[in-house]
Amino acid sequence: MTPADKLLEHFDRLAGSEPQLVPVSDEGARPAMYVAIYRDFPERGALAGFTVGLSHFHPPGGGHKELFICMRDTDDRWALACGFLAFQLRERCPFVCGDTINFRAQIAESSTMSAFLIVHPRHVSPIDTVVDLGIRQIELVELVPLYEEERAWLGADGDAKMFLSECPKSLAMDPKRKSLAPS
């Protein structure tokens with residue numbers, strides 16, 4: 001079994017199904033990167049996207065990581081945005097929990113969110129956040145979509161822990177939630 005097969009098997013076990021695998025890297029890019037899109041995970045009517053291939057890269061100050069996102073929506077653009085970020089930032093961003101990423105565009109039609117907060121996974125049990133592929137260990141980190149004013153507040157001097165306490169995992173999956181940035 002290849003490391004990629006082991007990683008996909010881990011994601012399949014978490015989601016309880018098989019994914020739609022969508023390439024997100026440029027044609028001919030090696031190693032190639034994909035996003036595995038799962039329906040009805042972590043709950044019915046939701047979708048989750050896991051990157052496959054980011055962990056081949058080791059940016060300065062970072063480890064071998066894969067990203068994932070969970071949204072209460074059927075729009076694949078949430079998962080594709082996760083994959084796009086992974087591919088675009090693969091050798092430059094260590095994807096450290098507490099950091100924000102400006103996507104610089106509306107992520108999906110259902111919401112005006114345009115940024116992400118990187119967090120320790122909230123939709124996966126702690127034991128499943130590290131995947132041993134034999135040749136290396138992969139750490140999963142979760143992307144929580146943000147409104148621009150939330151990203152700006154967190155980037156200025158906002159408190160990510162406070163934000164997450166106000167935005168439990170169920171609320172974070174809602175593309176229609178209200179902004180939680182202080183006014």
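The values are calculated or read from the model by the stated rules, or taken from the named source; none is laboratory data. Since we're looking at a predicted model, the values are computed, not measured. Glycine also receives a Cβ, built like all others from the backbone with ideal geometry; neighbour counts cover every protein chain displayed.
Per-structure values
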{"read-out": "Qualifying residue in region 116-131 (condition: among the β-branched types (Val, Ile, Thr), over 13 Å from the mean Cα position of the chain (by Cα), part of a helix (DSSP H, G or I) and within 25 Å of LEU14 (Cβ to Cβ))", "value": "yes"}
{"read-out": "Test: residue in region 73-84 that is over 14 Å from GLY49 (Cα atoms) and surrounded by fewer than 19 Cβ atoms within 10 Å (Cβ to Cβ)", "value": "no"}
{"read-out": "Selection count, region 167-183, where residues are loosely packed, with under 12 Cβ neighbours inside 10 Å and out of contact with any strand residue (DSSP E or B) (no Cβ under 7 Å at 6 or more places or on another chain)", "value": "4"}
{"read-out": "Selected residue (criterion: surrounded by the most Cβ atoms within 10 Å (Cβ to Cβ)) from residues of region 14-40 that are touching a residue at least 60 places away in the same chain (Cβ under 8 Å) and out of contact with any Asp or Glu (no Cβ under 8 Å at 6 or more places or on another chain)", "value": "VAL24"}
{"read-out": "Output for region 123-138, where each listed residue is closer than 21 Å to SER170 by Cα and either surrounded by fewer than 12 Cβ atoms within 10 Å (Cβ to Cβ) or in contact with an Asp or Glu (Cβ under 6 Å, 6 or more places away or on another chain) (or both)", "value": "SER125, PRO126, ILE127"}
{"read-out": "Criterion violated by MET113 - all others in (1) surrounded by fewer than 19 Cβ atoms within 10 Å (Cβ to Cβ); (2) part of a loop (DSSP other than H, G, I, E, B); (3) out of contact with any Asp or Glu (no Cβ under 7 Å at 6 or more places or on another chain) satisfied", "value": "(1)"}
{"read-out": "Selection status of PRO145, modelled with pLDDT of 95 or more and part of a loop (DSSP other than H, G, I, E, B)", "value": "no"}
